[in-house]
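Provided herewith is a single structure, encoded as structure tokens, for subsequent inquiry.
The values are calculated or read from the model by the stated rules, or taken from the named source; none is laboratory data. Only a predicted model underlies this, so the values are computations on that prediction, with no experimental measurement involved. Cβ placement follows ideal geometry from the backbone for every residue including glycine, while neighbour counts extend to all protein chains displayed.
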Amino acid sequence: MFHYTPDAIVVTADSPYQTLADLVADAKANPGQVTMSGSGKASANHLAQIKFDKLAGTLTTYVPFKGTGAAVTALLGKQTVAEWGYTTVGAKQGDAVRMLAVAMENRHPLFPDVPTFKELGYDMTGGAYRGIALPNSASAETTKMWSDMIAEINTDPAFQKKMLDGGFAMLDVDSAGMKDFMAARVEEYLKDAREAGLIK
Amino acid sequence: MGTSSSKSQGQFGSLFISTLFIFIGLITLYDTTSYSDRDSQVFPQTVAIILIITAGTSLITRLLKPSNEGGFGEGIWWRRVLFISAMFITCFAMPIIGFLASGVIAFTSGLIAAMHDKWSFRTVLIYGCSGAIIMVSFFILFKFILFVPLP
Amino acid sequence: MEFSHFLSAMTPFNIALALFGVVAGTVIGSIPGLTATMALAVLVPITFSMDPASALILLGAIYTGAIYGGAYAAILLNTPGTPSAIATTFDGYPMAKRGDGDLAVALACFSSVFGGMVGAIALLLLAPPLSKVALAFGPVEYFWLSIFGLSLIASLSNGNLMKGLAGGAFGMILSTVGVAEISADIRLTFGSQVMIGGFGVVGALIGLYCIPVLIDLVATPERHLKVEENVKSVRISEAFKIAMRSKFNLIRSSVVGTLVGILPGAGGSVAGLVAYSEAKRTGKDHQKFGEGEPDGIIATESANSATVGGGFIPTLVLGIPGTPPDAIVLGALLVQGVRTGPAMFSQSGSIVYTFIYGLIIATILMLPAGLLIGRYAYKSIVTIPKAVLVPTVGFMTIIGTFAIRNSVSDVIIMLCLGVFGWLIARFGFAASPIVLGLILGPIAEQGFVQGWTIGAATNNLIGMFFGRPISQAIIAFTLMTLILPIYLAYKKQPHKEV
């Protein structure tokens, strides 16, 4: 894995929700009526929504769209009141949107004013992870070579700056650590998905 | 071609295809029962029902008012069969003998199927060569310029 | 908007790029199986070493050319070279069959240039306000828009109403095969790995439109297209005159195309359909549409070319691709380090405006280039002996379909659809409704499910689907489009079958 885009709740700049607490209050007062757009079903956005609902004790409605682009359009067009997106959305849309919280350990350098979910009392970090996959038939040397190459790119400060400016978050999991990383994620996602009734 | 309209080719064919569509609609409906999410059932069910209704209406109206419309029309059968089967064979042969070789099969059969005039040595030469040039140029275009991994 | 940008667009390098792009795009777009998106994807690496404005100009020119090029195969082979040219087959091919193929090609060129200009000018002058239109279109609007597109089936079917609707429904069922987008269910694959990818539009297009034509070409000894023996060049002025007479159609269709291009997710194919539907509904001679009516080509080609400029509006202003090729352009911009989105017009204004002027130049260049290439294309298709034309086109369908997803199974599916399409066409079931259903099905389904989810969550279902002003306008258009052919079918009931 070489980076991830941390989950974030995004609302429009003129939204009545100034903080995450506002959204949670609205969701508790009107269960099911807070609509949140996101990319795909049973995807990173969707799982984030499920997880948050569990942690906050709320019931929001997730509306799946075809890709983050469409989800953002829906938000901007006020089709939904909020979006489960990523920090990259906040970076791209600039002043048109406001992020209520990000799912990271520490605040993102690009958005020092946006609190993390953890700070606000919701233990969630994560997002859409991106990495490189090789066919099973690749040899151990090839795998290590790719893994090292990517790690090297990841340490390049110019590259790091570009990624951070775009709203991405750096992550380094090399080929050796992948197995545990994946196992942990699988366990986490399956648990959430089963609880939400996504899988039987 | 049939003589009486209720037994004509057009009649039979039209009824057959309408029935086929109804059948497809029913299969779709059956398949939706295996979906886990209500959301994914709504659309196929609605559309399948529309298919059954429209195909059914077409079926019924055609039964009530038989006509000669439709049918296979003029045309030489062996040419059609040759052309299409050659294309299918090309597909199955592609992973085995490679793209160009199977392309030759398709092209030659197409040539034979479409050629209604008599063959002469000259035409064989010209058509054969142009065919080869066409195939090779497309191959180069796709494989090396557009980077399509042709087998 | 300063004039200085226009001058920077006019450098010899940029003009050469524009010309090259238009020509390359036209050629690639005319090959069935190669779409505008593919043309861009393939040629994008060239732009990595250029400066952003020049890169954009090249990409925009390729895109413009490709959308136009799709018309050649549509007119001369009844196979849309790109999905945006589907509606061009309706009247293009009949025109070609009766010997007016060169007229059709010239008309397509004029209309494309005009439509492209309208789209580009809208981009230049009205981008920020028009981008708001993209935002106002919610799931429900998309749903009604696709229903409107499908109502075209009814008006196309000219007496075979039930069969047309059945074809459309069948197409929509085909579109559900594979992994569902709104949920993760796998539908209608019956356990087959191959079918998980579903029916690609381009493959189905080639199969349903081209193969039946080829099957019939081999079977009869007649020439493919009637050839007029008289002078060909006269037809360009004839085409121009016809275009001038249909000014209103031209303008209306171009505006429609621009607007549809602005909507993310709807591209040239939808634009062509909507424009065609409107042209037919308001035209003087409804019946002539579908049998070789020049106004049909004017409508579709100007509309689909207008989506080029229109599609760039949300792409540049909102950072959201208006049409599939725009996603490639966004990627190219990203590589260049150009940030699209609200900041773009202010921060990178010079790049944007230079590009827009370059797009205008490319569109203008398409006029001579397009007419020339069109003449050449027409001549070659018409003079090649059928014995060579058929295997060549057959070969092209195989290689073109393969190139979409590098899959032999796609080709086999294409052939099966082709044979099926030929079979049912013999008995009154046309191919267009099926393709339309295939394209519009996903848009309709997504719009419906999303709209339903939001409406149910806010306890406002009826208001959601019927209370929004844009939706109401679209519903009104749909009803108007439907009433005409139903009325005509009713009048003809005793004589024609349903």
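With the requirement that a residue be of a type in the set (A, V, I, L, M, F, W, C), more than 10 Å from chain A (Cβ to nearest Cβ), within 24 Å of residue C:118 (Cβ to Cβ) and assigned to a loop (DSSP other than H, G, I, E, B), what does region C:299-348 give you?
Correct list: empty.
Another question, then. Within the set of pairs 6 or more residues apart or between chains, which connect a residue that is under 25 Å from residue B:15 (Cα atoms) inside region B:70-87 to a residue that is surrounded by fewer than 13 Cβ atoms within 10 Å (Cβ to Cβ) with Cβ atoms less than 8 Å apart?
B:71/B:1
Quickly run through region C:398-417 and pick out the residues that are more than 8 Å from every other protein chain (Cβ to nearest Cβ), in a helix (DSSP H, G or I) and not acidic (Asp, Glu).
C:400, C:401, C:404, C:405, C:409, C:413, C:414, C:416, C:417
Of all residues in region C:163-202, which are of a type in the set (A, V, I, L, M, F, W, C) and more than 9 Å from chain B (Cβ to nearest Cβ)?
C:174, C:177, C:179, C:194, C:195, C:196, C:199, C:201, C:202
Also: Please find, among C:171, C:167, C:203, C:207, the residue that is of a type outside the set (Ser, Thr, Tyr), within 17 Å of residue C:447 (Cβ to Cβ) and surrounded by 24 or more Cβ atoms within 10 Å (Cβ to Cβ).
Of the residues listed, the single one that is of a type outside the set (Ser, Thr, Tyr), within 17 Å of residue C:447 (Cβ to Cβ) and surrounded by 24 or more Cβ atoms within 10 Å (Cβ to Cβ) is C:171.
Further, regarding this structure: Against the condition farther than 22 Å from residue A:104 by Cα, at pLDDT below 80 and surrounded by 12 or more Cβ atoms within 10 Å (Cβ to Cβ), how does residue A:175 come out, does it pass?
yes
May I ask you to verify whether residue B:106 is of a type in the set (A, V, I, L, M, F, W, C), within 27 Å of residue C:420 (Cα to Cα) and touching a Phe, Trp or Tyr at 6+ places or on another chain (Cβ under 7 Å)?
So residue B:106 passes the test.
A further question on this structure: Scan region C:369-397 residue by residue and report those that are of a type in the set (Phe, Trp, Tyr) and facing another protein chain (nearest Cβ under 8 Å).
If the condition is that a residue be of a type in the set (Phe, Trp, Tyr) and facing another protein chain (nearest Cβ under 8 Å), then C:395 is the only one that fits.
Here's something else I'd like to know. Can you name every residue in region C:106-141 that is within 24 Å of residue C:156 (Cβ to Cβ) and either surrounded by fewer than 24 Cβ atoms within 10 Å (Cβ to Cβ) or modelled with pLDDT under 90 (or both)?
Across region C:106-141, the qualifying residue is only C:141.
Further, regarding this structure: Select from region C:328-373 the residues that are without any contact (Cβ under 8 Å) to a residue 24 or more places away in the chain, closer than 19 Å to residue C:48 by Cβ and of a type in the set (A, V, I, L, M, F, W, C) and list them in ascending order.
C:330, C:334
Criterion first (assigned to a loop (DSSP other than H, G, I, E, B) and either touching a Cys at 6+ places or on another chain (Cβ under 6 Å) or crowded, with 23+ Cβ neighbours inside 10 Å (or both)) does residue A:79 satisfy it?
So residue A:79 passes the test.
Let me ask another. Given the conditions (1) within 14 Å of chain C (Cβ to nearest Cβ); (2) touching a Ser or Thr at 6+ places or on another chain (Cβ under 8 Å); (3) of a type in the set (Gly, Ala, Ser); (4) not in a loop (DSSP other than H, G, I, E, B), and given that residue A:101 satisfies all but one, which numbered condition is not satisfied?
Going through (1) within 14 Å of chain C (Cβ to nearest Cβ); (2) touching a Ser or Thr at 6+ places or on another chain (Cβ under 8 Å); (3) of a type in the set (Gly, Ala, Ser); (4) not in a loop (DSSP other than H, G, I, E, B) one by one, residue A:101 breaks only (1).
If you don't mind, another one. Exactly one condition in (1) of a type outside the set (Val, Ile, Thr); (2) in contact with a Lys or Arg (Cβ under 9 Å, 6 or more places away or on another chain); (3) buried (at least 23 other Cβ atoms within 10 Å of the Cβ) is false for residue A:85; which is it?
Failing condition for residue A:85: (2).
Please indicate, with yes or no, whether at least one residue in region B:18-34 is surrounded by 15 or more Cβ atoms within 10 Å (Cβ to Cβ), over 24 Å from the mean Cα position of the chain (by Cα) and either in contact (Cβ under 8 Å) with a residue 60 or more places away in the chain or at the interface with chain C (Cβ under 7 Å from one of its Cβ atoms) (or both).
yes
Yes or no: residue C:275 within 17 Å of residue C:150 (Cα to Cα) and crowded, with 24+ Cβ neighbours inside 10 Å?
The answer is yes for residue C:275.
Looking for whichever is at the interface with chain C (Cβ under 10 Å from one of its Cβ atoms), within 22 Å of the chain's Cα centre (by Cα), not acidic (Asp, Glu) and not in a loop (DSSP other than H, G, I, E, B) here; the options are B:54, B:123, B:90. Which one fits?
When all the criteria are applied, what remains is B:90.
What is the one condition in (1) buried (at least 24 other Cβ atoms within 10 Å of the Cβ); (2) among the hydrophobic types (A, V, I, L, M, F, W, C); (3) at the interface with chain B (Cβ under 9 Å from one of its Cβ atoms) that residue C:438 does not satisfy?
(3)
Tally time: how many residues in region B:98-120 are at the interface with another protein chain (Cβ under 10 Å from one of its Cβ atoms), buried (at least 16 other Cβ atoms within 10 Å of the Cβ) and in a helix (DSSP H, G or I)?
The total comes to 12.
Between A:80, A:73, A:88, which is within 14 Å of another protein chain (Cβ to nearest Cβ), without any contact (Cβ under 8 Å) to a residue 12 or more places away in the chain and closer than 24 Å to residue A:39 by Cβ?
So the residue among A:80, A:73, A:88 that is within 14 Å of another protein chain (Cβ to nearest Cβ), without any contact (Cβ under 8 Å) to a residue 12 or more places away in the chain and closer than 24 Å to residue A:39 by Cβ is A:73.
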